[in-house]
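We did not get these values from a lab; they are worked out from the coordinates using the rules stated. The model shown is predicted, which means the values in this text are computed figures rather than measured ones. For neighbour counting, all protein chains shown are included, and Cβ atoms are generated from backbone atoms with ideal geometry for every residue, glycine included.
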Amino acid sequence: MKCQKCDKFATFHITELTGGKPIELHFCEDHAREYLSESADQSEATATLAASLAQNIALNQAVENLQEIDQQACPACGISFFEFRNKGRLGCSFDYTCFGEQLGVLVENIHGERQHVGKSPRSTQINKPDRRTQLIKLRRELDESIAIEDYENAKKLSDQIREIENEQSH
């Protein structure tokens, strides 16, 4: 069999699938090398274009996610995540719960860890932000229980709230 591009004997037989149909190509050694190097250049260009498109899509998705996150606001103090990003300060201790995932990523980028692993003060003051968050949660549950007229649960929640408030005052 002869080469498709010249009169030399075809030593390379290539089958390509184009559009789902097999196409047979027959080349001599020189033309086969030329054809394969052209295919490699085209596939590199295609790969570069595909990578560029994938990067552009990922960037657009990241922008949409950031816009969505920026609109989130703390129900306690009203600060939005956008305001936090611009000012660099949170509005209240509840913001750590409200923006927990975003702040966790930020803290991990800065410190390499999400959880404190160093020294801590010996005083019991360290638990107060957790207690405040727990109080906010319990008060919301209390309001919900009263709204649905579940007075037994409301009584239990009220007792828990009173117990935490008494612990904090001592």
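Here are the numbers for the structure shown:
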| quantity | calculated |
| --- | --- |
| Projected label distance in nm at Asn109 and Arg140, using a 7 Å step from Cα toward the beta-carbon | 2.6 |
| Potential lengthening between Glu24 and Arg85 on full extension [0.36 nm per residue; Cα-Cα distance subtracted] | 16.0 nm |
| Inter-site label distance for Tyr151 and Thr133 at 7 Å from Cα along Cβ, in nm | 3.4 |
| Extension gain (nm, one decimal) between Gln71 and Phe12, 0.36 nm per residue minus Cα-Cα | 15.1 nm |
